[in-house]
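One structure below.
The values are calculated or read from the model by the stated rules, or taken from the named source; none is laboratory data. Note that this is a predicted model, so its numbers are computed, not measured. Here the Cβ is made from the backbone with ideal geometry for all residues, glycine too, and neighbour counts use every protein chain on show.
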């Protein structure tokens, strides 16, 4: 599957760069985070009578990244959001059951280390990449359950602020978008997810090591 190959290549690239002897001045970072989903939308089944929106729900996850001695690096970002979709409020007044969304992205990071890579300092950054966007929705009594693993992209930015060599905080804002439309079979009353996008705002504790 193309998405799995992309994620595998991204992860191997991070590991290879970190293992290179000439990169001794580079550093790794791990950022567990908690955040929330902001304005987004989705269409189900291609039926314009539905009015589907993204719930303002919690999102948790972690980012594992590598930054070189300059401004460029790589990152693998994982996020999980339970109870993601709001009940539909269209003419049919259908309601979904449980739902969740998982994201797993391989990203390129560009950030300027203000104050250097040791001790206190700031690193504003921009980030973008592509990977897996998985949705799980219980269709209730009207639809079959929806389980999709599709290709998506994300782009955003934020600031890492360090108090010491190894500990800091990160504030982050990212936009996620699905690049694949799912269509149900002809004459099949079923769920199909398209035009799916949302924002994620998060804050986390960053652990920096290896520099």
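Summary of computed values
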item: Residue check, residue 79 farther than 16 Å from residue 133 by Cβ and either surrounded by 15 or more Cβ atoms within 10 Å (Cβ to Cβ) or modelled with pLDDT of 75 or more (or both); result: no
item: Test set (1) crowded, with 16+ Cβ neighbours inside 10 Å; (2) at pLDDT 95 or above - residue 211 fails condition number; result: (2)
item: Subset of region 168-195 that is closer than 10 Å to residue 150 by Cα and modelled with pLDDT of 70 or more - its residue that is surrounded by the most Cβ atoms within 10 Å (Cβ to Cβ); result: 178
item: Pick from region 51-62, criterion at pLDDT below 70 and assigned to a strand (DSSP E or B), ranking: surrounded by the fewest Cβ atoms within 10 Å (Cβ to Cβ); result: 53
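Yes or no, residue by residue, for (1) out of contact with any strand residue (DSSP E or B) (no Cβ under 9 Å at 6 or more places or on another chain); (2) assigned to a strand (DSSP E or B); (3) loosely packed, with under 14 Cβ neighbours inside 10 Å; (4) at pLDDT 90 or above:
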{"site": "25", "(1), (2), (3), (4)": "yes, no, yes, no"}
{"site": "29", "(1), (2), (3), (4)": "no, yes, no, yes"}
{"site": "33", "(1), (2), (3), (4)": "no, yes, no, yes"}
{"site": "40", "(1), (2), (3), (4)": "no, yes, no, no"}
{"site": "49", "(1), (2), (3), (4)": "yes, no, yes, no"}
{"site": "64", "(1), (2), (3), (4)": "no, yes, no, yes"}
